[in-house]
Structures are given as structure tokens and as C-alpha cells.
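The block underneath contains the structure these notes are about, expressed in C-alpha cells.
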Amino acid sequence: MATLEDSFLADLDELSDNEAEMDENDGDVGNEEEDVDMDMADLETLNYDDLDTVSKLQKSQRYIDIMQKVEEALGKDSDGAEKGTVLEDDPEYKLIVDCNQLSVDIENEIAIVHSFIRDKYKLKFQELESLVHHPIDYARVVKKIGNETDITLVDLGDLLPSAIIMGISVTSLTTKGSPLPEDVLQKVLGACDRALDLDSARKKVLDFVESKMGSIAPNLSAIVGSAVAAKLVGTAGGVSALAKMPACNVQVLGHKRKNLAGFSSTSQSRVGYIEQTEILQSTPPGLRARASRLVAAKSTLAARVDATRGDMSGINGKALREEIRKKIEKWQEPPPARQPKPLPVPDSEPKKRRGGRRLRKMKERYAVTDMRKMANRMRFGTPEESSLGDGLGEGYGMLGQAGSNRLRVSSVPSKLKLNAKVAKKLKERQYTGGATTSGLTSSLAFTPVQGIELCNPQQALGLGSGTQSTYFSESGTFSKLKKI
Amino acid sequence: MSSFLLKTLTKKEEIDRIIRDTIDEVLVLRFGRCTDTVCLQHDDILAKSVTDVSKFAKVALVDVDSEDVQVYVKYFDITWFPSTVFFFNAHHMKLDSGTADHTKWVGAFHIKQDFIDVVEAIYRGAMKGKMIVQCPVPPERIPKYQLLYKDV
């Protein structure tokens, strides 16, 4: 680990050197640019002339050391790993950890070189950057095209899919770039070579790690594959460190944080390196969350086995992988077909009586009103009044008796909800005067007690006057419309 | 065709056995020929509803052409095919459908739901202890026929 720290410090020093150099270069480049191209001056804020100021990794000591070791290890035959030794002391293991770190660094380096190439090549062919996204493909294409003005002469068949080649040839006809000067071209080609070298180095490192992963953590690599296993071990900082983590942490190892402030993170799926495993790539997207949890859990178990070096043949890992595969398959099978259910035996299930607010509100509409309650009761000793007099007809009970003040239906907001038709009629009678009343209604009522009465006692009981005609209804509408 | 799903009885012992053995379930016996078109329609409806009703009823077909069965044909006075007779716990259940003959249902049912309604009505009545029940089928779907007494 001491060597790593040193190399980090060395990198920091290099960075500061880099800045100083870049400032100098800015001055030089500024003059050059003015001579060459007037418009491009405002585009570039950071000008760098020399590739080496940007991409320092290949020259760094650490890189060279590790690459050397990797070559050696790839060359020689690996002898069987010794059981019983603590994993951390194994020198190969340390190399693996270093390699992991290096591969990340190489990736960053490739990105930097790519932006260098892109900026320089913009003068020639601006749109290429948006057509070819992958940095390595971009480098290859740039190398092949070189300074060529006619893209159709260049054969890109083995580098890119034909759709993109077509796009490139079409946009090259309308591009407003101009061929590069010789020195710039040389620099660009050099940068492309650099990018391709870095890429191949990265591949080498990854291959090495993969091959060794099988001997370091066989069970883990049986489940998630050696590449992802290497990444996981690298990020965790060792197999035992990975084993000590709970499975939920293993699931998010390598998760790229993308949530900007203000955006909720519930829509993101919290999966890290596990997402790149073969298992997860082949599950349908709906089941991915469940599957990632399952894989994380089982891989943690496998890592624990590997940390204690309990099973070096990888049988455990294979068994766990089989288990995972079976479970995922089971999730995907269709639900069992519906059987037609026979009808239940009549009267076998007692009726479930429901209660609650809704039922109570419904019952209120049909409840006995206060007026009806008064009409149902009678005073002791006094005969009640009745609608036809002398005890015939409907009895009025306590209504209208001296001492009670309930004769007319007061406008107490009763919980009764009237029928729509009746409500409409009532409303109209309230608001409109005699203008729209039918000619046959009269407010006079003929009662046997008084003869002619102005107020209709039957109205009080809701029975309505007998002379009210509904045929010439004032609020009714046509009941049936039929097309002739 | 639907006689695959429904049992066809040809012997007197079979009929006796099945009447004795259905306990607490309505037994529906269809008397008829499996070749008659009306019988076919009737059988189709019976077959479709057998699973729905399976918890409280059992359905069986009696082929009227075998000799053993003629005793029953004469006992129930079956002249029109198909005729359906209902039993519950070995009691013969009567059905008042507005026609002259209450002892059986004559003809085919129009829809599956009619049949299920009739069986349910019989079940309810029988569980209450009645021997005759009202038919819940509306009169337009009850097959009409005339009872002739000795060709009069």
C-alpha cells in the first residue's frame, strides 16, 4: 500500500506541474491560433498543444511497474494457490488490487485523450464526434480518415456498422471543416495511437485479473463472472472486506450517483456493478430489482466462503448460481390457469351485515321523520284529530294539538332526500309565482271540517291536494320521445 | 355430445342406487333420447351448468329406450322428451311452473341461468322442508304444452 500512496502523491505533483505548463502553452497557442484560424480562437478555452501535458499516465512509474508485473504473470504459468495462507499476503492478490485501480485510471486517461483528439479534429470534421460516441471507435476512425477530404475513399467497413458509415459519408459532404495542417495532424494521429495503446493495456490488465480471479475468489466469480468480481473486490478493498459487507451494500457497490439536487432518487434503481453481470442482463427489466437483490445476497455468501478459503474448487458458487437461475425462472412462469368455480350452496353463508358511516347516512334518508313520530304518538285523554274527522282517515296524533308547536312541516333540513321530480316541483313552487303554474291547480282545498280552506292540511302531511293535476305538469318534461 | 360429461343410466338398479345415494343434494334426472334435437339442446344446457351447480346438485341422464327404464317412464307419466324430474334425499320434488303438470319439467330450458335458478329454488324449498316449490323462471321461457288425457 505504501507504493500506492507514493504514486498518488507523485500524480498530484504531476497535476500541479501540468497546470503550470498549460498556462505557458496558453500564451504560445494563443498567438499560433490567431495566425491559423480567426474563428476558432473563441471556441477553445483550454488550449493544449502537446499530448504529453494532458496524458501523463503512460509515462508514470506506477503504470510501467504494474504493466511489467502483469506481463510477467501472464507469461509464466500460475502454480496452484496455496491453501491456508491468508489471502492478503499473497503477492498475486496485491497485484490484482493494483490492477483494479489501474484499470480505472486508464479509463479516465482514455477519456482525456479522447477529448484532446476531438478538440483537434473539430477543425476538420466537427460532426464526427456526435456520430461516433465511443472514444476508442472515434480514435480508430480518425486514424483511418487522417486528412482525407473524400470519406468515400476510406473503408470504414470493419470499424463501424454500415448505418453509421452512411451517416458519416453524408455529413462529410456538408461539413465545413478544412484539412488539418501537418503538425496538428501528426499530433492527432499520435494521440489516437496513444488511446489505442491505453485501450489494449486496459484489456490486458482486465484479462489478467479475470484469469486470476478464478483462483482468488472462485465462488464469487462463479456467480457474477470474473470481470464484475474483480470490480467488486477492487471497490470493496479486498475479498475479506467484501465478505464483511452486508448484502445490501454489495448491491450498490459501483452505483454511479446521478441524482442532482431536487430530484428524487426513488426512480433510480439502486444497482451497482451487479447490473453488469450476465444474470442481470438476461432478466426482463421488470424483475431486475428483485434479481439484483438475490444476486447480491448470494454473491455475499460466496465472498464469505472465498474469504475463508473454504472451498477452492468453486462448487459452492456453481450451486448458488444454479439456485439463482432456478428462482428467476420460477418468477417468470405464468400464473396457474383459472378453474371455473362452482356456485356456493344456497343459504350456506349467512348474510354479512355491514355497518359504518356510509350505511348510516343511507339509512337516514329512509328514517322515520320527527313529524311522523309526532303523528304516531297520542296524548292521553284527548281524542286525536284526523284527516277526515271523527276518527276516520289518518290520525294526526300530537300534531296540531295545543301545547305542541308542530303542525306545518317546518323547513328543518331533514335528512330525507327527495326524489328528483318532487324536488324540482317543490323548488319551482317556492320560487316562481303564478306565472308558470298550470291553470288547473288551485291553492284552495276542500276539506270536510272547514269546507273550503286556504291552507291545505293534507299538504302538511305530505299527501298533497286531490285537485293537483299532474297531467298538465308545470315542471314535468316530455316523458317519451320517439322519432316518427 | 354432452353425454360424455353426464352419466347415462340404463338400468333400474342404477337409477335406484343414484336416488338413494345422493344425500343433501338435488338430483336431476333427465328422461329422454340422446338423439332428439330438443333433448340435445337440453343436455347441452345441463352439461354446461353441471360444474356450477356441483356443490348442491347432481345431474344424470336416463335413456328412455331401454326396457328397464319403462317402469319409471310409466310411473312418472313421461310422454314428451326431454322431461326432467327432481329429487331431494329420495323425495320427489314438485315444481309449480304455471303448467298443468307439477311433477316434472317438460321440455328444454332456454338459458343456463334458468336451470340454475330452478335447481336453487328446489334446494331452498327442500332445505326448508317443502315438497313443492314455485318456479322462478318467467312464463315466457317456460315451454308450453297441452296435457292430453287418453287422447282427449
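Worth a mention:
- Lys pairs under 25 Å by Cα in region B:53-152, provided they are eight or more residues apart or on distinct chains: 29
- With the simple spin-label model, which puts each label point 7 Å out from Cα in the Cβ direction, the A:Ser178 to A:Val368 separation comes to 10.6 nm.
- Listed values for region A:156-169 are Karplus-derived 3J(HN,Hα) couplings in whole Hz (6.51 cos²θ - 1.76 cosθ + 1.60, θ = phi - 60°), namely 9, x, 8, 9, 10, x, 5, 4, 6, 4, 4, x, 4, 5, and x replaces Gly and Pro.
- Other-chain or far-sequence residues with amide H under 5 Å of B:Lys58's (modelled H): B:Val26, B:Leu27, B:Val28
- The HN-Hα couplings worked out from phi for region A:353-360 by the Karplus form 6.51 cos²θ - 1.76 cosθ + 1.60 (θ = phi - 60°) are 8, 9, x, x, 5, 4, 5, 4 Hz, whole numbers, x standing for Gly and Pro.
- Interface residues of region A:341-367, defined as those with an accessible-area decrease of at least 40 Å² between the chain by itself and the complete set of protein chains (probe 1.4 Å), are A:Pro342, A:Leu343, A:Val345, A:Pro346, A:Asp347.
- Point-charge dipole on Cβ atoms (K/R +1, D/E -1) for region B:65-152, about Cα centre, debye to 20: 340
- Each part reduced to its alpha carbon centroid, region A:125-198 and region A:333-370 end up 73 Å apart.
- Sequence-distant residues sharing a close amide H with B:Thr8 (under 5 Å, placed H): B:Leu61
- For region B:19-125, size of Cβ-based charge dipole, Lys and Arg +1, Asp and Glu -1, in debye: 180
- Burial order of peptide ranges A:359-366, A:240-247 (average beta-carbon count within 10 Å, highest first): A:240-247, A:359-366
- Note: relative contact order over chain B, using C-alpha pairs below 8 Å and six or more positions apart, is 26 percent.
- Accessible area that becomes buried as B packs against A, both chains, 1.4 Å probe, Å², nearest 100: 800
- Evaluating 6.51 cos²θ - 1.76 cosθ + 1.60 at θ = phi - 60° for every residue in region A:377-383, the Karplus couplings come out as 8, 10, 7, 6, x, 10, x Hz, glycine and proline recorded as x.
- R0 of 51 Å, Cβ-Cβ distance B:Ile132-A:Lys421: FRET efficiency to nearest 0.05: 0.75
- All Cα pairs of region A:171-234, percent lying beyond 12 Å: 75
- Carbon-plus-sulfur accessible fraction, chain B (probe radius 1.4 Å, protein heavy atoms only): 55%.
- DSSP-assigned coil residues among trypsin sites (Lys or Arg not before Pro) in region B:13-55, each with at most 16 further Cβ atoms within 10 Å: B:Arg33, B:Lys55
- Shape box of region A:122-175 [Cα atoms, principal axes, largest first, Å]: 22, 19, 17
- Under-5 Å amide H pairs with B:Val133, H placed in peptide plane, nonlocal only: B:Lys94, B:Leu95, B:Asp96
- Region A:107-209 - percent of accessible surface contributed by carbon and sulfur, probe 1.4 Å: 55
- Accessible surface computed residue by residue for region A:178-327, with neighbouring protein chains in place and a 1.4 Å probe, gives 48 Å² per residue.
- Cα gyration tensor, region B:3-138 - rounded (a/c under 1.5), prolate or oblate: rounded
The values are calculated or read from the model by the stated rules, or taken from the named source; none is laboratory data. Keep in mind the model is a prediction, meaning the values are calculated, not measured. Cβ atoms come from the backbone with ideal geometry, glycine included; neighbour counts cover every protein chain shown. Calculation scope for accessible area: heavy atoms of the full protein, side chains included, ligands and nucleic acids excluded. Shrake-Rupley method; radii C 1.70, N 1.55, O 1.52, S 1.80 Å.
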